[in-house]
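K.L.:
Would you mind keeping the following structure in view while I ask a few things?
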Amino acid sequence: MTTTLSVNGQMRQVDSDPAKPLLWVLREDLNLLGTKFGCGMALCGACTVHIDGKATRSCVTPVSAAVGKKITTIEAVAATPAGKKVSEAWTALDVPQCGYCQAGQIMTATALLTDKPKPTDGEIDAAMTGNICRCATYVRIRAAIRQAAGLNEGTAA
């Protein structure tokens, strides 16, 4: 079945089963490889994209649920004001180690700052819960979010 999706500001047509997870449509059909497969059960956050500005786990979201909505992936998130600030802070503080989870971390952090430009540490922790980093860069992740929000210089311990 042919489906039209709005992805990163462009209308894209894909021939896909409507029940196919959005993650695989993005990766396999549209060759947007920044969104990662982690667990396949919406538990780790590696597959996070924005659908109408909300952080959404694409591994459990059927492509049919994204029709008529604006999808943003890691490839385009820096085009948004919050995404640009988050991406710059991630680079400035050298957040990633292996980097596998970082696209999902950045997408979740960007959605947070879009909704709450000056979040508390508790709000940061609540928003980022469920985004797993096997390298345990959580201190740098929080510092980068704080820096992107202008809450401090963002220095990580």
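K.L.:
When you scan the range 83-157 for helices (runs of 4 or more DSSP H) that lie fully inside it, which ones turn up with 3 or more residues that are free of Cβ contacts under 8 Å to residues at least 12 places away in the same chain and outside the structural domain of Val49 (by TED's automatic domain parsing)? Reasoning before the result, please.
P.N.:
Numbers: elements: 102-115, 121-128, 138-148.
Of the helices (runs of 4 or more DSSP H) lying wholly inside the range 83-157, those with at least 3 residues that are free of Cβ contacts under 8 Å to residues at least 12 places away in the same chain and outside the structural domain of Val49 (by TED's automatic domain parsing) span 121-128.
K.L.:
Now for a different question. Could you look through the range 40-67, keep only residues that are surrounded by 16 or more Cβ atoms within 10 Å (Cβ to Cβ) and among the polar types (S, T, N, Q), and pick out the one that is farthest from Thr129 (Cα to Cα)?
P.N.:
Thr61
K.L.:
Still on this structure, please answer the following. Looking at the range 129-145 only, could you name the residues that are surrounded by fewer than 21 Cβ atoms within 10 Å (Cβ to Cβ) and of a type in the set (A, V, I, L, M)?
P.N.:
Result: Ile132, Ala136, Val139.
K.L.:
Another question about this same structure. With the checklist (1) over 29 Å from Asn152 (Cβ atoms); (2) in contact (Cβ under 8 Å) with a residue 24 or more places away in the chain; (3) surrounded by fewer than 23 Cβ atoms within 10 Å (Cβ to Cβ) in hand, flag the one item Phe37 doesn't pass.
P.N.:
Condition not satisfied by Phe37: (2).
K.L.:
Every residue in the range 24-54 that is in contact with a strand residue (DSSP E or B) (Cβ under 8 Å, 6 or more places away or on another chain) and within 19 Å of Thr110 (Cα to Cα), please.
P.N.:
Of everything in the range 24-54, those that are in contact with a strand residue (DSSP E or B) (Cβ under 8 Å, 6 or more places away or on another chain) and within 19 Å of Thr110 (Cα to Cα) turn out to be Leu32, Thr35, Ala42, Gly45, Cys47, Thr48, Val49, His50, Ile51, Asp52, Gly53.
K.L.:
Can I ask one more? Being closer than 23 Å to Pro81 by Cβ and hydroxyl-bearing (Ser, Thr, Tyr) is the filter here, so list the residues in the range 97-148 that pass it.
P.N.:
Thr108, Thr110, Thr114, Thr120
K.L.:
Does Thr35 meet the test of being assigned to a strand (DSSP E or B) and either over 24 Å from Ala126 (Cβ atoms) or not assigned by TED's automatic domain parsing to the domain that holds Ile141 (or both)?
P.N.:
Details: assigned to a strand (DSSP E or B): no; either over 24 Å from Ala126 (Cβ atoms) or not assigned by TED's automatic domain parsing to the domain that holds Ile141 (or both): yes.
So Thr35 fails the test.
K.L.:
Out of Gly104, Gly83, report the one residue that is buried (at least 21 other Cβ atoms within 10 Å of the Cβ), closer than 30 Å to Val14 by Cβ and touching a helix residue (DSSP H, G or I) at 6+ places or on another chain (Cβ under 7 Å).
P.N.:
On the way: Gly104 fails: touching a helix residue (DSSP H, G or I) at 6+ places or on another chain (Cβ under 7 Å).
One residue alone meets the criteria, Gly83.
K.L.:
Report yes if Thr56 is part of a strand (DSSP E or B) and either more than 20 Å from Ala136 (Cα to Cα) or in the same structural domain as Thr129 (by TED's automatic domain parsing) (or both), otherwise no. Before the answer, list the steps.
P.N.:
On the way: part of a strand (DSSP E or B): yes; either more than 20 Å from Ala136 (Cα to Cα) or in the same structural domain as Thr129 (by TED's automatic domain parsing) (or both): yes.
Considered against the rule, which asks whether it is part of a strand (DSSP E or B) and either more than 20 Å from Ala136 (Cα to Cα) or in the same structural domain as Thr129 (by TED's automatic domain parsing) (or both), Thr56 comes out as yes.
K.L.:
Taking the stated definitions as given, is Asn31 exposed (fewer than 14 other Cβ atoms within 10 Å of the Cβ), of a type in the set (S, T, N, Q) and within 18 Å of the chain's Cα centre (by Cα)? Give the derivation first.
P.N.:
Details: exposed (fewer than 14 other Cβ atoms within 10 Å of the Cβ): yes; of a type in the set (S, T, N, Q): yes; within 18 Å of the chain's Cα centre (by Cα): yes.
Here the answer is yes, as Asn31 does meet what is asked.
K.L.:
Same structure again: Tell me yes or no: at least one residue of the range 67-80 is more than 14 Å from the chain's Cα centre (by Cα), in contact (Cβ under 8 Å) with a residue 24 or more places away in the chain and assigned to a helix (DSSP H, G or I).
P.N.:
No.
K.L.:
Continuing with this model, one more query. Say we look at the range 107-116 and pick out the residues that are touching a helix residue (DSSP H, G or I) at 6+ places or on another chain (Cβ under 7 Å) and among the hydrophobic types (A, V, I, L, M, F, W, C); which of these is farthest from Cys39 (Cα to Cα)?
P.N.:
So, considering only residues that are touching a helix residue (DSSP H, G or I) at 6+ places or on another chain (Cβ under 7 Å) and among the hydrophobic types (A, V, I, L, M, F, W, C), the one farthest from Cys39 (Cα to Cα) is Leu113.
The values are calculated or read from the model by the stated rules, or taken from the named source; none is laboratory data. Keep in mind that what you see is a predicted model, and the values were worked out from it rather than measured. Counting neighbours? That spans all protein chains shown, and the Cβs are built from the backbone with ideal geometry, glycine included.
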